[in-house]
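Quick notes on the structure that follows.
The values are calculated or read from the model by the stated rules, or taken from the named source; none is laboratory data. Small disclaimer: the values here were computed from a predicted structure and weren't measured. FYI the Cβ positions are ideal-geometry reconstructions off the backbone, even for glycines, and counts take in every protein chain you see. Just the protein is used for accessible areas: all its heavy atoms, side chains included, with ligands, DNA and RNA removed. Shrake-Rupley method; radii C 1.70, N 1.55, O 1.52, S 1.80 Å.
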Amino acid sequence: MSKAIIKIEDLKREFTMGNETVHALRGISFDIKEGEFVTIMGSSGSGKSTMLNILGCLDQPTSGNYDIDGVSVKDLSRNELATIRNEKIGFIFQSYNLLARTSAIENVELPLLYNSKVSTEERRKRAIEALQKVGLGERLHHTPAQLSGGQQQRVAIARSLVNNPVMILADEATGNLDTRTSYEIMSLFQELNKQGITITFVTHEPDIATFSSRTIVLKDGDIMQDYNNHNILSAASELAKLPKQDD
Amino acid sequence: MRLLNLFKIATKAIVLNKTRTLLTMLGIIIGVASVIAMLAIGEGSKESIRTTISAMGSNMITIKAGADTRGGVKQAASAMETLTLSDYEAIKSQSTLLSYSTPLVNGNGQIISGSNNWPSTIYGVNPEYLNIKVIDLQSGSMFTDVDVKSAAKVALIGQTVVENIFPDGQDPVGQMIRYNNIPFKVIGVLEEKGENTFGQDQDDVVIAPYTTVQKRILAIDHLNQIIASAINEEEAPNAVLEVSKILREQHKLTGNQDDDFYVQSMEELISTFSSTSEMLTILLVAVASISLLIGGIGIMNIMYVSVKERTKEIGLRMAVGAKGADILMQFLIEAILISITGGVLGVLLGLGSTVFIEKFLNWPTSVALYSIVISFAVCAVTGIFFGWYPARKASALDPITALRYE
Ligand SMILES: Nc1ncnc2c1ncn2[C@@H]1O[C@H](COP(=O)(O)OP(=O)(O)O)[C@@H](O)[C@H]1O
Ligand SMILES: [Mg+2]
């Protein structure tokens with residue numbers, strides 16, 4: 001088997017609210033291997049976002065171990081976590097989080113602005129490549145206001161790709177989109193996965209999970225199920241089966 | 001590299017919020033412009049006082065009856081009759097540091113010639129007066145020591161007097177005028193000197209031998225002043241000391257008895273007036289500095305609003321790898337750019353207003369380079385100082401909390 005990008009062991013995350021403790025994650029262990037397309041499922045409040053934030057080094061676990069790409073995250077400082085996010089991780093959010101009044105290409109360049117190893121020309125080149133990969137090669141200078149929701153999410157995906165991350169993390173990335181656009185986005189994710197990019201995708205929609213190779217189901221901070229998907233559907237063909245939109 | 005990127009990010013934010021940025025800058029612009037203009041006015045008036053006084057003869061030393069009027073109780077000089085001709089003679093014979101000296105008596109009266117009359121001041125002096133005051137003759141000639149000895153009724157008049165007494169343009173030299181009903185023959189006309197800084201018309205004068213003015217007009221024996229010029233500007237302070245010493249002997253003042261006269265050099269006069277205008281400058285600058293401070297608080301205020309508004313953006317930047325220091329620098333650079341751009345615009349506005357003040361209000365101005373340098377420095381410091389706390393606040397945000405912020 002290929003190498004593990006993510007290794008977590010007995011991961012716990014507790015939030016203290018006044019004198020009450022919320023157990024958002026209650027001791028979770030799993031590995032994610034290079035090239036996997038994992039969906040994390042579960043109802044609202046089950047701990048999916050908490051899980052993803054820790055995987056993305058935005059948050060630290062209360063206890064347990066977490067290794068990403070061979071680096072133990074547990075004892076890293078704020079700055080070291082920022083560097084890991086900058087170099088190893090691509091984030092995609094439900095609400096796109098693009099900078100307003102800023103062109104697609106500048107939005108995509110953003111992570112590279114914080115990497116002093118990347119020159120201005122290199123940055124521009126990589127941003128254009130990323131936008132071409134998500135099918136927006138013709139929309140480089142459009143601002144978010146000039147793009148549809150699906151296109152905005154594509155810009156966000158391009159932004160997550162631009163630093164060549166070891167893994168892409170998406171939290172409800174299709175949550176704001178209609179079914180058709182969601183499937184288009186999922187088809188893009190499947191394509192990227194085929195090119196070898198590891199993806200962890202949080203969703204609460206079961207049909208989205210059918211496009212991934214593996215599904216982890218959370219409930220109240222525990223893993224309920226963790227299974228490999230033997231019948232991966234192609235988002236592109238599902239999209240073709242959808243009833244035609246009236247124009 | 002990274003700093004350059006942060007600089008780009010900050011510039012972009014400023015450009016995206018042009019109107020707001022400009023409004024924020026307004027405080028700084030007005031503050032800097034007023035500092036520059038105020039200092040220019042202050043410097044200008046100082047310079048003009050200096051040139052006026054220099055034109056009056058920068059080596060000049062004035063000796064007046066009475067105690068020092070600078071500070072303490074002032075006694076009207078006219079009430080003191082302690083200065084006499086023998087004082088003058090003592091100074092003339094004993095001093096080593098004076099090149100010219102003259103007794104001076106003065107009075108006010110009416111000049112009449114034909115149907116024209118004009119009130120003016122008459123100065124009774126000796127021929128050295130012109131050298132001391134650096135006055136040239138436009139026509140005619142100065143009276144002589146013989147005229148002084150004989151108390152001749154001859155006079156020289158200034159341009160203002162000429163205009164009012166001889167309005168038809170005839171040559172005044174050789175004409176007769178009456179001063180307080182005493183007939184004088186005009187033997188010369190003084191070159192025009194114009195107004196001095198204090199608004200005094202230096203051409204509204206009549207000059208005659210001091211003996212004539214003493215005996216025939218004022219009927220007094222004492223002198224109002226003795227004026228002299230030091231051999232050069234550097235020796236002026238020593239000349240003041242020397243004259244004081246001679247006069248103390250003359251007046252038989254011993255030990256700690258106070259002087260019953262005072263001697264003042266032009267340098268002292270300049271510094272007296274300069275210190276007054278310096279006070280004024282300090283006051284003006286204080287007022288201007290307050291507006292600069294208010295400008296700084298304006299920046300801080302807008303930076304706080306900006307950090308709050310852009311919380312989500314800050315969260316995103318952190319999520320894609322910005323460190324706390326990057327966020328801090330971004331907002332700090334933004335604050336400094338606002339204040340320095342405000343400073344540049346302020347300097348331009350200040351220079352513009354200075355030109356306006358000079359041209360249309362006719363006030364003397366002089367832009368000092370240091371005022372521009374200081375303004376810039378203050379602007380940069382203002383940006384750093386008032387931008388620091390908002391920037392600090394932004395950099396300390398937790399990325400998840402910031403991303404969730406709506
Ligand atoms: N910052 C926080 N402070 C307190 N409780 C939190 C915080 N973040 C998440 N939680 C709690 O942890 C649990 C899991 O939340 P979350 O991971 O957001 O769920 P999901 O994304 O699956 O809907 C919830 O009960 C939530 O209220
Ligand atoms: Mg969630």
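The table for this structure:
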{"quantity": "Of all residues making up the stretch B:181-199, the number that are at pLDDT below 90 and either surrounded by 14 or more Cβ atoms within 10 Å (Cβ to Cβ) or in a strand (DSSP E or B) (or both)", "calculated": "4"}
{"quantity": "Identity of the residue in the stretch A:33-46, in contact with a helix residue (DSSP H, G or I) (Cβ under 9 Å, 6 or more places away or on another chain) and within 13 Å of ligand 2 (Cβ to nearest atom), that ends up farthest from residue A:86 (Cα to Cα)", "calculated": "A:42"}
{"quantity": "Residue identified as within 19 Å of residue B:105 (Cβ to Cβ) and small (Gly, Ala, Ser) among B:228, B:239", "calculated": "B:228"}
{"quantity": "Selection count where residues are more than 15 Å from residue B:133 (Cα to Cα) and of a type in the set (Ser, Thr, Tyr), scope the stretch B:224-270", "calculated": "3"}
{"quantity": "Hey, residue A:56 over 18 Å from residue A:160 (Cα atoms) and buried (at least 19 other Cβ atoms within 10 Å of the Cβ) or not", "calculated": "no"}
{"quantity": "Number of the exception - residue B:370 against (1) hydroxyl-bearing (Ser, Thr, Tyr); (2) away from every other protein chain (no Cβ under 14 Å); (3) touching a residue at least 24 places away in the same chain (Cβ under 8 Å)", "calculated": "(3)"}
{"quantity": "Count of the stretch B:139-166 residues which are open to solvent by 30 Å² or more (accessible area, probe 1.4 Å) and closer than 13 Å to residue B:111 by Cβ", "calculated": "2"}
{"quantity": "Where residue A:133 falls short, out of the listed (1) touching a residue at least 24 places away in the same chain (Cβ under 8 Å); (2) farther than 22 Å from residue B:9 by Cα; (3) within 11 Å of chain B (Cβ to nearest Cβ)", "calculated": "(3)"}
{"quantity": "Every residue from the stretch A:146-173 that is within 16 Å of ligand 2 (Cβ to nearest atom) and on the phi > 0 side of the Ramachandran plot", "calculated": "A:172"}
{"quantity": "Residue check, residue A:183 open to solvent by less than 50 Å² (accessible area, probe 1.4 Å), within 14 Å of chain B (Cβ to nearest Cβ) and aromatic (Phe, Trp, Tyr)", "calculated": "no"}
{"quantity": "Residue check for residue B:347: in the same structural domain as residue B:39 (by TED's automatic domain parsing), open to solvent by less than 20 Å² (accessible area, probe 1.4 Å) and more than 30 Å from residue A:112 (Cα to Cα)", "calculated": "yes"}
{"quantity": "Verdict on residue A:49 being at pLDDT 95 or above, open to solvent by 30 Å² or more (accessible area, probe 1.4 Å) and within 16 Å of ligand 2 (Cβ to nearest atom)", "calculated": "yes"}
{"quantity": "The stretch B:363-406, residues that are within 16 Å of ligand 2 (Cβ to nearest atom) and open to solvent by 70 Å² or more (accessible area, probe 1.4 Å)", "calculated": "B:401, B:404, B:405, B:406"}
{"quantity": "Filter result for the condition that a residue is closer than 21 Å to residue A:55 by Cα and surrounded by fewer than 24 Cβ atoms within 10 Å (Cβ to Cβ), over A:172, A:138, A:122, A:106", "calculated": "A:172"}
{"quantity": "The stretch B:266-325, subset small (Gly, Ala, Ser) and either open to solvent by 40 Å² or more (accessible area, probe 1.4 Å) or part of a loop (DSSP other than H, G, I, E, B) (or both), residue farthest from the other protein chains (Cβ to nearest Cβ)", "calculated": "B:271"}
{"quantity": "Residues being polar (S, T, N, Q) and either part of a helix (DSSP H, G or I) or closer than 16 Å to residue B:226 by Cα (or both) - total across the stretch B:97-133", "calculated": "6"}
{"quantity": "Failed criterion for residue A:203 (all others in (1) open to solvent by 30 Å² or more (accessible area, probe 1.4 Å); (2) within 16 Å of ligand 2 (Cβ to nearest atom) hold)", "calculated": "(1)"}
{"quantity": "Criterion: at pLDDT 95 or above and open to solvent by less than 20 Å² (accessible area, probe 1.4 Å) - qualifying residue of A:154, A:159", "calculated": "A:159"}
